[in-house]
Each structure stands twice: as structure tokens, then as C-alpha cells.
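Trainee: This structure is in C-alpha cells; I'll ask about it shortly.
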Amino acid sequence: MKLPLNYEEIAEILPHRYPFLLVDRVVELIPGESIVAYKNLSINEPFFDGHFPGKPIFPGVLLLEAMAQAAGILGFKTKGKTPQDGSVYYLAGTDELRFKRPCVPGDRVMLRATLVSERRGVAKFAISSDVDGELAASATILCADR
């Protein structure tokens, strides 16, 4: 597989579209193991207008979604499936979610996911994000392939 994966190639793997496709590029991918991707935050993102006026911060739920999307790419590539096959990865649960630093316009948020286990269509991932090597958030998530 050719890396990095760009926006168009990511859109072939994930069913999300702008403004909800939150992975800009995949730079490392080892199917069955791990992924490293990133999201560039621009002041032009529509959510910054209201979160928060005068002090824009990337919403935590969107940071979780971006990390989950990276895990979804890993899951799809691991199983050799795509949404075109009728497969969808749903975020089914999260544990130990912690936010450590705000992400702001101008940040390149690195998104990391490692496949921990997979049983009967439910995958467990360890996910994290960081900016310039500083941890932004981490969690363990479950994703269900349906």
C-alpha cells in the first residue's frame, strides 16, 4: 500500500464527508497493528465560530471522533473491507477517555490507534492524539463492524 494516503484515498475507506471527515492524511499504517494519521486545524473550520468566540478550541467530542476515524481506517484496512461492501464501523463504546491539552487553530493533531483485540466483529483500539509530541487525549474504544 502506498503511503501517505491523501483525502481522496481516505474518502474511499471511510463513509464520512466534509465537514465530518476529520482525517486529513494517513502517514503510517500496518494492517492488524497500528495507524498514524493527522488532522490540520484551520481557523476556517466551521465549529471554531462558536467554540469558543475569541478563544477557538477544537471540540473534545470531535477530537474523539477524529481518533475514532483513524481507528476505523485501521479496522477497514485490517479486514480488507470498505463501506462500498456494505460494511460500517460504528463507535460502540469508550473507556478511560482523558483530555490533556486543548487543540487550537494552527495545530497539526497527530492521531494514533493500535488494534488491541478483535472478537466477533467488535474491535478494541487504544487511541491517542498529540500536538508537537504533547499528549492531547487518549482512550480505549470499541468499534463494531456491521
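Trainee: For the stretch 1-110, with every protein chain kept in place, what is the accessible area per residue (1.4 Å probe, Å²)?
Mentor: Values: 5820 Å² over 110 residues.
Result: 53 Å² per residue.
Trainee: Please state the charge dipole magnitude for the chain, taken about the Cα centre, from unit charges on C-beta atoms (+1 on K and R, -1 on D and E), reported in debye and rounded to the nearest 20.
Mentor: Around 300 debye, computed over the chain.
Trainee: Roughly how many debye, to the nearest 20, is the charge dipole of the stretch 16-56 about its Cα centre, given +1 on each Lys and Arg Cβ, -1 on each Asp and Glu Cβ, and no other charges?
Mentor: 120 debye
Trainee: What trypsin sites (Lys or Arg not before Pro) does the stretch 80-117 have in DSSP loop regions with at most 16 other beta carbons within 10 Å?
Mentor: K81, K100
Trainee: Taking semi-axes √(5λ) of the Cα gyration tensor in Å as the quantity of interest, determine which of [x] 31, 17, 13; [y] 24, 16, 14; [z] 23, 20, 15 was computed from the displayed structure.
Mentor: Correct label, based on the coordinates given: [y].
Trainee: Can I ask one more? Looking at the square roots a ≥ b ≥ c of the eigenvalues of the Cα gyration tensor of the stretch 31-116, which shape do they give, rounded for a/c under 1.5, prolate if a/b is larger than b/c, or oblate?
Mentor: Working: a/c = 2.23, a/b = 1.95, b/c = 1.14.
Cα axes put the stretch 31-116 in the prolate bin.
Trainee: Quote the accessible area belonging to T114 in square angstrom, nearest 10, computed with a 1.4 Å probe and with ligands, DNA and RNA left uncounted.
Mentor: 70 Å²
Trainee: Which distance in Å, rounded to a whole number, links the C-alpha centroids of the stretch 95-138 and the stretch 24-85?
Mentor: Using only Cα atoms, the two centres lie 9 Å from each other.
Trainee: If you put +1 on each Lys and Arg Cβ and -1 on each Asp and Glu Cβ, how big is the dipole of the stretch 92-146 around its Cα centre, in Debye rounded to 20?
Mentor: Its charge dipole is roughly 200 debye.
Trainee: So, one more: Keeping the other protein chains in place, figure out the carbon and sulfur percent of the accessible area of the chain, with a 1.4 Å probe.
Mentor: C and S atoms contribute 52 percent here.
Trainee: Please work out how much accessible surface V109 shows to a 1.4 Å probe, ignoring ligands, DNA and RNA, in Å² rounded to 10.
Mentor: In the full protein context, V109 sits at about 0 Å².
Trainee: May I ask you to rank D132, D95 by accessible area, largest first, using a 1.4 Å probe over the protein chains only?
Mentor: Working: D132 150, D95 90 Å².
Correct descending sequence by accessible area is D132, D95.
Trainee: For the chain, what does the helix formula give at 222 nm: sum of -39500 (n - 2.57) over DSSP H segments with n ≥ 4, over the residue count, nearest 500 deg cm²/dmol? If you can, show how the numbers build up before the last one.
Mentor: Details: 2 runs with 27 residues, N = 146.
The helix-only estimate for the chain comes to -6000 deg cm²/dmol at 222 nm.
Trainee: Then there is this: Please compute the contact order of the chain in relative form: average sequence separation of alpha-carbon pairs under 8 Å and at least six residues apart, divided by the residue count, as a percent.
Mentor: 25 percent
Trainee: Here's a follow-up. With the dipole of the chain worked out from charges on the C-beta (+1 for Lys and Arg, -1 for Asp and Glu) around the Cα centre, which of G75, N6, A123 lies farthest toward the positive end?
Mentor: Value: A123.
The values are calculated or read from the model by the stated rules, or taken from the named source; none is laboratory data. It should be emphasised that the depicted structure is a prediction, and the values quoted were computed from it without experimental measurement. Here the Cβ is made from the backbone with ideal geometry for all residues, glycine too, and neighbour counts use every protein chain on show. The protein model used for the area step is the full one, side chains on, heavy atoms only, and it has no ligands, DNA or RNA in it. Shrake-Rupley method; radii C 1.70, N 1.55, O 1.52, S 1.80 Å.
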